[in-house]
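These notes are about the structure you will find just below.
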Amino acid sequence: MSVATAETAKDVAVDFEFTDSERDGLAKELNSINANPYRTYDAFLFQVRVLIADGKVPERFVRFSESLVDRDRDRDPVILVKNAPIDRDVPPFDFDEPVRSKYEIKKTFIAEAFLALFAELRKTPGIGYVNVNDGDVFQDIYPKRALSESQSQKALKEIYFHKDLANHFVRPDHVYMLGMRSNPVNEVYTTFVRNIDVIEAFTAEELEQLRRPNFYTPFDDLTVYGGNRELGDADQHPVLSGETDIRYFENRTVGLIPEAEALSQKLKKVLHNVKERVFISPGDFACVYNNHAVHAKEIISIGSEDALRERWIIKSVNVDDLAPHAEHFIPGTDYLVNG
Ligand SMILES: [Fe+2]
């Protein structure tokens, strides 16, 4: 078990909460979509757009989503919405093949439609990767036996601090996570650290060192496991680039020279001093600006191993603009990354 604890971390602030009647009304509208997002994604997205155009989304939520364009990404990189519409009472998936099991068991797509709806309202399109869940835009943070010890969305236990797909040539700007099932008998937290709080903890000379390409991080477990396309070796890279972009995977990123390794160790300590946490309950929707914060899954205590195997969050990764990534898409698609 990790020595890290989320026990004393501050709770993430709530930005928006649906009333029960808003939630139920929107769930009903989203449930009227009759295209399967895993089979006919284009039709699914088309129907979500029609729903928006027809004014079926609570006005308060439309205004909230649109207001995010002015949000300070550095200062407020985590968005938390509560009581969002989701599919209720979906039976647990098979631990050996959770994704295949989902295709068979889950026949309504309210959660997926909500993620697509928010992506549309915010103008942040979702993307899929051929190497991750065979290109699905909607993916599950759901344990899988073969990957239970990995550092991936299919892990059973903790996942150390990281940004999503940091090594990938298409790096998402946003990560959207919608809680589907969690049992409070297990104290499992999603924790976040603002990059500006990390930077604050280092001296100017140290920041200069962090900007040099003296670090190495292996490819994400999931991109490698997917195996649809060879990716070659991960590059040497700086930890800090641009204004505040931090590329670091706790316990995986190593410094290739002693000074760099010392900074990597210091960074790990800093993360745990400044983190915030959220216990993602069903209907809790947490979004993070992937280039302005890092996130982790931390476990304080386990009351039920069985419940831990059924913990479920639906996620998508999204971008501000498709155009810069167009050369990497599978020809004929505008969302599917060839890698
Ligand atoms: Fe992640």
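I'd like the FRET efficiency for residue 256 and residue 211, computed as 1/(1 + (r/R0)^6) with the beta carbon distance as r and R0 of 22 Å, rounded to 0.05.
On the way: r = 14 Å, r/R0 = 0.66.
According to the calculation, E is roughly 0.95.
Evaluate the charge dipole of segment 114-259 about its Cα centre and quote only its size in Debye, nearest 20, assuming +1 on the Cβ of each Lys and Arg and -1 on the Cβ of each Asp and Glu. Display every interim value, and only then the final one.
Details: 15 positive and 23 negative charges, 101 e Å.
It works out to roughly 480 debye.
Length gain on complete extension for the stretch residue 14 to residue 123, per 0.36 nm per residue less the alpha carbon to alpha carbon distance? Don't skip to the end; give the middle numbers.
On the way: separation 109, 0.36 × 109 = 39.24 nm, distance 2.16 nm.
Result: 37.1 nm gained on full extension.
Which ³J(HN,Hα) values in Hz, rounded to whole numbers, follow from the phi angles of segment 183-190 under the Karplus curve 6.51 cos²θ - 1.76 cosθ + 1.60, where θ = phi - 60° and Gly and Pro get x?
Per-residue couplings from phi come out as 10, x, 5, 9, 8, 10, 10, 9 Hz.
How far apart, in nm, are two points set 7 Å out from the Cα along the Cα-to-Cβ line at residue 302 and at residue 21?
4.5 nm
Quick check: at a probe of 1.4 Å, how many percent of the accessible area of the chain sits on carbon and sulfur atoms? Before the final figure, lay out each step's value.
Numbers: 7090 of 14860 Å².
Here it works out to 48 percent.
What Rg and what Dmax come out for segment 1-91 when only alpha-carbon atoms are used, in angstroms?
Gyration radius and largest Cα-Cα distance of segment 1-91: 16.9, 51 Å.
Suppose a student asked you for the relative contact order of the chain, using Cα pairs under 8 Å spaced at least 6 residues apart; what percent would you report? If you can, show how the numbers build up before the last one.
Working: 669 pairs, mean separation 98.9, N = 339.
Relative contact order of the chain: 29 percent.
Between residue 67 and residue 96, what length comes free when the chain is fully extended (0.36 nm per residue of separation minus the Cα-Cα distance, one decimal in nm)? Provide the component values of the computation, followed by the final result.
On the way: separation 29, 0.36 × 29 = 10.44 nm, distance 4.15 nm.
Extra length available between residue 67 and residue 96 comes to 6.3 nm.
Measure off 7 Å from each Cα along the Cα-to-Cβ vector at residue 146 and residue 59, then give the distance between these two points in nanometres to one decimal.
So the two model labels end up 5.1 nm from each other.
Each residue of segment 169-179 in order: what ³J(HN,Hα) in whole Hz does its phi give by Karplus 6.51 cos²θ - 1.76 cosθ + 1.60, θ = phi - 60°, with x for Gly and Pro?
For segment 169-179, the Karplus-derived couplings read 6, 10, 9, x, 8, 9, 10, 10, 10, 10, x Hz, x marking Gly and Pro.
Any chance you could list P(r) for segment 75-139, counting all Cα-Cα pairs in 5 angstrom bins from zero, rounded to whole %?
Answer for segment 75-139: a P(r) of 4, 13, 18, 24, 19, 14, 5, 2, 0 percent.
Give the shape of segment 155-314 as rounded, prolate or oblate, defined through the alpha-carbon gyration tensor: a ≥ b ≥ c are the square roots of its eigenvalues, a/c under 1.5 means rounded, and otherwise the shape is prolate if a/b is larger than b/c and oblate if not.
Prolate shape, in that a/c is at least 1.5 and a/b is the bigger ratio.
Report ³J(HN,Hα) in whole Hz for each residue of segment 28-33, in order, from the Karplus equation J = 6.51 cos²θ - 1.76 cosθ + 1.60 where θ = phi - 60°; Gly and Pro get x.
3J(HN,Hα) across segment 28-33, in whole Hz: 5, 4, 5, 6, 7, 5.
Classify segment 21-71 as rounded, prolate or oblate from the Cα gyration tensor: take a ≥ b ≥ c as the square roots of its eigenvalues, call it rounded if a/c is under 1.5, otherwise prolate when a/b beats b/c and oblate if not.
Working: a/c = 2.41, a/b = 1.48, b/c = 1.62.
In terms of gyration-tensor shape, oblate.
Just in segment 24-85: which chymotrypsin sites (Phe, Trp or Tyr not before Pro) are loop by DSSP and have at most 11 other Cβ atoms within 10 Å? Intermediate values should be presented prior to the final figure.
Numbers: sites: 38, 41, 44, 46, 61, 64; in loops: 38.
Those that pass, being in a loop and sparsely packed, number zero.
If you take all C-alpha pairs in the chain, what percent of them are over 30 Å apart?
Summing the P(r) tail past 30 Å for the chain gives 33 percent.
If you rank 212, 23 by how much accessible surface each has, with a 1.4 Å probe, what is the order from largest down? Could you put the intermediate results ahead of the total?
On the way: 212 105, 23 50 Å².
Sorted by accessible area, descending: 212, 23.
Accessible area per residue, 1.4 Å probe, Å², for segment 10-322: what's the number? List each step's numbers first, then the result.
Working: 13220 Å² over 313 residues.
Here the per-residue accessible area is 42 Å².
Report, in whole Å, the centroid distance computed from the Cα atoms of segment 1-55 and segment 63-88.
Comparing the Cα centres of segment 1-55 and segment 63-88, I get a distance of 11 Å.
Note down the magnitude of the dipole of the chain about its Cα centre, charges +1 on Lys and Arg C-beta and -1 on Asp and Glu C-beta and zero elsewhere, to the nearest 20 debye. Numbers along the way, then the final one.
On the way: 41 positive and 57 negative charges, 83 e Å.
Dipole about the Cα centre, nearest 20: 400 debye.
The values are calculated or read from the model by the stated rules, or taken from the named source; none is laboratory data. Bear in mind that the values here come from a model prediction, so they are computed numbers and not experimental data. Using ideal geometry, Cβ is built from the backbone for each residue, glycine included, and neighbour counts are taken over all protein chains shown. The area values use the complete protein model at the heavy-atom level, side chains included, leaving out ligands, DNA and RNA. Shrake-Rupley method; radii C 1.70, N 1.55, O 1.52, S 1.80 Å.
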